[in-house]
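S.K.: Right, I'll just put the structure down here and ask away after.
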Amino acid sequence: MVTPVAYPPAFTIAYLVHSDVELLRRTIPATLDALCRGTRHPYDLVLVVDGAESAPIDEITELAHTTWGFDEIRLRWRTRHRASGDQANNIHTHFVTDKTRFLITIEGDVVVFRAPDATDVLAEIADTFDQCPQLTLAQRIDDHDCWQWKLEDTGPALSAKARSVNRVSSHFLIYDTHRARPAMAAAGGIPGNRFHDDGQSWMNYEDWISHTFAHPAGSGIGYLHQLPLRIFHCDEKTTPGSAHYRRDLETRLRVFAEREHQVKEEFRA
């Protein structure tokens, strides 16, 4: 018998993936536990597979259903209506759902670890937005020091729990969709056909959304520095100071293991 839950749920948590199944076996369980354990908020889990024409769909589908507990799987082919620029643009362009108030999008090579003192992470996120009416888009990434376009504070803090920063990374984003959708529409909507990235110059999804929401042009981007989480991108730059990541599975698995060890040592201290 299916247990009924409040509908619609407060949160949609969407993992955006393509392949690298051995990495997903590590990142997804850790992240879903970190975000959802002990929460009072109902949530919907969606796995979005982009580039389905070359993804290991059968293996991912089986894991999503039997192991990871997703409620929905979406398959997106790149043969038509593909966003231009970096390949990651496509999955963001075609998946900003507003069926729930809050949308958390997580790219497949991102992992979230939970601090030992965490209680209800989703409640903390909801409360932060509730207490800050202008907060529309938020993020948290702990390994941002390697970014070429550096993370900086811009303008006064949005609240005690949300610094106002100049940019996002598309790796981990939290939208209040009721607030974000009108702002995105006012900016002309996601310009999926105008993104570009030739390795030397670019305008990708994370650049557009950063310029749309950052203070003073937008309502501000909240960096949730007090969330009891550690969030990492499991990859490394091709060279120090580069804008580009290696994107190979061996590197991603190694970085995951390093970050997992780092967090265990931090929490043990």
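S.K.: Carbon and sulfur together cover what percent of the accessible area of the chain at a 1.4 Å probe radius? Working shown, then result.
M.R.: Values: 6210 of 12400 Å².
Here carbon and sulfur together make up 50 percent of the probe-accessible area.
S.K.: Among Ser84, Ser201, what's the order by accessible area (1.4 angstrom probe), most exposed first? It would help to have the intermediate numbers written out before the result.
M.R.: Details: Ser84 35, Ser201 55 Å².
My answer, sorted largest first, is Ser201, Ser84.
S.K.: Still on this structure, I have one more. So which lysines pass the test for Lys237, namely a Cα distance under 29 Å, with those fewer than 8 places away in the same chain ruled out?
M.R.: Lys150, Lys264
S.K.: Comparing His65, His171, His233, which has the greatest mean-square fluctuation in the GNM of the chain with Cα pairs linked when under 10 Å apart?
M.R.: Checking each option, the largest mean-square fluctuation is seen for His65.
S.K.: Please arrange Trp208, Trp149 by accessible surface area, largest first, computed with a 1.4 Å probe and ligands excluded.
M.R.: Working: Trp208 30, Trp149 90 Å².
Descending order: Trp149, Trp208.
S.K.: Separate question: Take the Cβ-Cβ distance between Gln262 and Asp120 as r, set R0 to 25 Å, and report the resulting FRET efficiency rounded to the nearest 0.05. Walk me through the intermediate numbers first.
M.R.: Values: r = 25 Å, r/R0 = 0.99.
Using R0 = 25 Å, I get an efficiency of 0.50.
S.K.: Using protein chains only and a probe of 1.4 angstrom, how many square angstrom of Asp71 are accessible, to the nearest 10?
M.R.: Solvent-accessible area, nearest 10 Å²: 100 Å².
S.K.: Then there's this: Over the chain, average the accessible area per residue using a 1.4 Å probe and give it in Å², no decimals.
M.R.: On the way: 12400 Å² over 269 residues.
Spelled out: the 1.4 Å probe surface of the chain, per residue, equals 46 Å².
S.K.: Among Asp44, Asp198, Asp145, which one moves the most in a GNM of the chain with springs linking Cα atoms closer than 10 Å?
M.R.: Asp198
The values are calculated or read from the model by the stated rules, or taken from the named source; none is laboratory data. If you're wondering where the values come from, they're calculated on a predicted model, not measured in any experiment. Methodologically, a virtual Cβ is constructed for each residue, glycine included, from the backbone with ideal geometry; neighbour enumeration extends over all protein chains shown. Each accessible area value is taken on the protein alone, full model and side chains, heavy atoms only, with ligands, DNA and RNA left out. Shrake-Rupley method; radii C 1.70, N 1.55, O 1.52, S 1.80 Å.
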